[in-house]
Amino acid sequence: METNILGGLNVLQSAAKFKLPGVCIGVGNHFMDNPYSISKSAVERMVSMFNAERGTKVNIVRAMNAYGPGQVPAQPYGPSRVRKIAPSFICRALKGDPIKVYGDGSQISDMVYVGDVADALIKAMEAALNDKVLPVIEVGPKTHTTVMDVALLVKELTGSASPIVCLPKRPGEKEGAPVFAKSETLELIGMSDRGLMPLRDGLTLTIDHYRVHA
């Protein structure tokens with residue numbers, strides 16, 4: 001929490017002092033009661049305050065569950081201390097290990113390809129460079145996906161026989177809690193959910209990456 005909140009404050013103070021535009025990367029689960037989500041939500045509120053009171057030009061982009069080639073897996077498959085859904089499911093499927101799902105898998109967790117997130121960040125920064133402060137942009141598809149949907153699709157695309165194991169929910173998570181985008185906000189930066197990478201295609205590219213690098 002210290003890194004996110006104090007780090008965010010330091011960046012905003014510098015943006016105000018030197019009159020620099022910027023983009024704040026938010027998270028889709030900003031409403032959840034866990035330390036990470038709370039800290040990210042706090043930074044979003046500070047952005048709104050600085051824009052209103054200090055005249056900063058910082059736009060907020062909330063990516064849903066971002067994934068793609070190069071995302072670092074958590075141990076034992078990689079050095080990351082943060083367990084992300086795509087590298088976790090894919091690495092486990094490729095190794096034949098159980099695919100671990102928190103809760104019963106019914107929670108909506110829309111996936112968005114890293115290239116689409118990058119495009120949104122660039123366009124939001126371009127708007128800030130042109131002195132445009134936009135409402136929060138949410139990057140994600142209009143068609144919703146559950147965590148279990150992702151696990152099953154990973155199994156299909158990898159041809160894996162890995163079992164899917166459901167674990168107790170993590171602190172701050174609620175069964176079935178939805179993480180999805182108001183995708184119409186993409187229109188504010190000239191994008192559309194229709195132009196986003198389909199999940200099957202994006203996962204195929206990501207799986208190809210981990211076949212070589214996992």
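The residues in segment 33-52 that are of a type in the set (D, E, K, R) and either at pLDDT 95 or above or more than 19 Å from residue 82 (Cα to Cα) (or both) can be counted, and the count is 2. Taking residues in segment 146-172 that are on the phi > 0 side of the Ramachandran plot, and partners anywhere that are part of a helix (DSSP H, G or I), the pairs with Cβ atoms closer than 9 Å and at least 6 places apart or on different chains are 159/93; 172/35; 172/36; 172/37; 172/38.
Against the list (1) free of Cβ contacts under 8 Å to residues at least 60 places away in the same chain; (2) closer than 30 Å to residue 19 by Cβ; (3) of a type in the set (Val, Ile, Thr), the condition residue 137 fails is (1).
Rundown of residues vs (1) among the aromatic types (Phe, Trp, Tyr); (2) in contact with a helix residue (DSSP H, G or I) (Cβ under 9 Å, 6 or more places away or on another chain), yes/no style:
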{"position": "59", "(1), (2)": "no, yes"}
{"position": "70", "(1), (2)": "no, yes"}
{"position": "75", "(1), (2)": "no, no"}
{"position": "83", "(1), (2)": "no, no"}
{"position": "89", "(1), (2)": "yes, yes"}
{"position": "93", "(1), (2)": "no, yes"}
{"position": "108", "(1), (2)": "no, yes"}
{"position": "114", "(1), (2)": "no, yes"}
{"position": "125", "(1), (2)": "no, no"}
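Of everything listed in (1) surrounded by fewer than 18 Cβ atoms within 10 Å (Cβ to Cβ); (2) farther than 16 Å from residue 85 by Cβ, the single unmet condition for residue 138 is (1). When segment 101-135 is examined, which residues are found to be of a type in the set (Ser, Thr, Tyr) and either on the phi > 0 side of the Ramachandran plot or surrounded by fewer than 18 Cβ atoms within 10 Å (Cβ to Cβ) (or both)? Scanning segment 101-135 gives 102, 106.
The values are calculated or read from the model by the stated rules, or taken from the named source; none is laboratory data. Since we're looking at a predicted model, the values are computed, not measured. Cβ: placed from backbone, ideal geometry, glycine included. Neighbour counts: every protein chain shown.
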